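This report concerns only the one structure given below.
The numbers here are math on the coordinates, done by the rules we state, and not lab data. On a predicted model such as this, the values are computed, not experimentally measured, just so you know. Here the Cβ is made from the backbone with ideal geometry for all residues, glycine too, and neighbour counts use every protein chain on show.
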Ligand SMILES: C[S@@+](CC[C@H](N)C(=O)[O-])C[C@H]1O[C@@H](n2cnc3c(N)ncnc32)[C@H](O)[C@@H]1O
C-alpha cells in the first residue's frame, strides 16, 4: 500500500482537475448558491480517489451524491455503498437521496442503504470509507471505530468545520495508533489508514 506521505505529497501537487460536480448537481438543492464555492472541494474528493484508486468505496452521508460522483468519476470501475438515514440533519434535505439514486448512482454496482450508521456494527469491507454523516462527537467516534476494522483508508470530512468532528477524531487518534494526516485544510480533510 502506498505510504501516506507519498499520497499527501501527490495531493498537494495534483495537476489541474477539470471535474465539475455541477453537471450532476440538483437544481433544487437548497444550498445551490454555494455550488461555485464548492467546486474545488469536490475536485479535491476526485483527487483523493484518483490517488487511492479504491475498488470499493463506502460513504456515510450521501446527501445528493456529489462526493459519490466525484469518487466514482475518478474511479469508474469502483463499487459504491452509500449509507444515509435520509434525515434533514447535517445538510440532509428532503429528496436528496432520490436525486442521488436517480441521477448519480446509476452506476451498475452502487447500493444505497437508508439507515443510520449509528445502528450498524460493520460497514463492510472497503478500500476507502468517506465519513461525512452525523457530525457530532459520539457519532463520529462510532463511525471511525467501526470503520477502521474493515477499511484500508478513511477520509473524515469536516475536521476544520466542526469542533465536534475535530474533537472526536483527535480522541480516536489518541486511542488508536493509526497513520494519519490532514491532507487539506479547507473544511478539514483527515486521511487515516484503517486496519484492513
Ligand atoms: C454533510 S451531508 C453529506 C454530504 C455528501 N457527502 C456530499 O459530499 O455531497 C450529511 C448527510 O448525512 C446524513 N446523516 C445524518 N445523520 C446520519 C446518520 N446517523 N447515519 C447516516 N447518515 C446520516 C444526512 O441525511 C445528510 O444527507
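What the pair-distance distribution of segment 57-196 shows, using all Cα-Cα distances binned every 10 Å from zero, is 13, 46, 36, 6, 0 percent. Extent of segment 57-101 along its three principal axes (Cα atoms, max minus min coordinate, largest first): 30, 15, 14 Å. Segment 61-106 and segment 8-28 have Cα centres spaced 16 Å apart.
Cβ crowding within 10 Å ranks 167, 12 as 12, 167, fewest other Cβ atoms first.
If you model segment 1-72 as an ellipsoid using its alpha carbon gyration tensor, with each semi-axis the square root of five times an eigenvalue, the axes come out at 24, 15, 9 Å, biggest first.
Peptides 139-146, 84-91, 26-33, 49-56 ranked from most to least packed, by the mean per-residue count of other Cβ atoms within 10 Å: 139-146, 49-56, 84-91, 26-33.
Counting only DSSP beta bridges with both residues in the chain, the antiparallel share comes to about 35 percent.
Counting every other Cβ atom within 10 Å of each residue's Cβ, 130, 180 order from fewest to most as 180, 130. Each peptide in 14-22, 64-72 receives the mean, over its residues, of other Cβ atoms within 10 Å, and ordering these scores from highest gives 64-72, 14-22.
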